[in-house]
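To start, the structure itself, in structure tokens.
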Amino acid sequence: MTVSDKYLDDLLREIVSIRADGHCEFPGCNITDCDPHHWFSKRTNLAIKYDYFCAINLCSSHHTGSLLSAHLSPVAFRQAIIRAGVRTEEWAQEVHRRASQIITVDEQTFRQEWKEKLLAELKRLGARGWRK
Ligand SMILES: [Zn+2]
């Protein structure tokens, strides 16, 4: 059975939200309508596409909007996140390392592996209603 990109995106979104207590992770922001932002790399990078470790929960203003956002002001955004202790420089370096990995399996096998990892993480987090 094929594992769709949307299915994995939904699992990623749920994990990233739970880990952020449901709100935007930008310092001082409590907005709960958020999307997972892929730190460092665009979501087209398969190596970290579904890796919740590499994502940060952001409201639309801090994700792509006119505030100090991850997409419009990436350098200042990175400084603000690290200065506030939301993430560390070591974390950013680990994301960079993971993003540089070469994927050696076919995409469907890769998705199946991420499905298992994401479901295991949701189960570990104790999420209710986690999918089969
Ligand atoms: Zn925000």
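The values are calculated or read from the model by the stated rules, or taken from the named source; none is laboratory data. What you are looking at is a predicted structure, and each value in this text was computed from that prediction instead of being measured. Glycine gets a Cβ as well: all are built from the backbone with ideal geometry, and neighbour counts include every protein chain shown.
Of note:
- Where a residue in region 64-89 is without any contact (Cβ under 8 Å) to a residue 60 or more places away in the chain and its partner, wherever it lies, is surrounded by 12 or more Cβ atoms within 10 Å (Cβ to Cβ) and hydroxyl-bearing (Ser, Thr, Tyr), with Cβ under 6 Å and at least six apart: Leu67/Ser61; His71/Thr64
- Among the residues examined, Ala92 does not qualify as touching a helix residue (DSSP H, G or I) at 6+ places or on another chain (Cβ under 6 Å) and at pLDDT below 95.
- Some residue of region 44-63 being buried (at least 22 other Cβ atoms within 10 Å of the Cβ), at pLDDT 95 or above, within 16 Å of the ligand (Cβ to nearest atom) and assigned to a loop (DSSP other than H, G, I, E, B): no
- Test result for Leu118, more than 16 Å from the ligand (Cβ to nearest atom), closer than 16 Å to Asp10 by Cα, modelled with pLDDT under 95 and crowded, with 16+ Cβ neighbours inside 10 Å: no
- For His71, the conditions (1) modelled with pLDDT of 95 or more; (2) surrounded by fewer than 18 Cβ atoms within 10 Å (Cβ to Cβ); (3) over 18 Å from His23 (Cβ atoms) are fulfilled apart from (1).
- Which numbered condition Glu25 fails, given (1) farther than 28 Å from Glu107 by Cα; (2) crowded, with 16+ Cβ neighbours inside 10 Å; (3) away from the ligand (no atom under 11 Å from the Cβ); (4) modelled with pLDDT of 95 or more: (3)
- Any pair with Cβ under 7 angstrom, 6 or more apart, that starts in region 49-60 at a residue that is basic (Lys, Arg) and ends at one that is surrounded by fewer than 24 Cβ atoms within 10 Å (Cβ to Cβ): Lys49/Arg43
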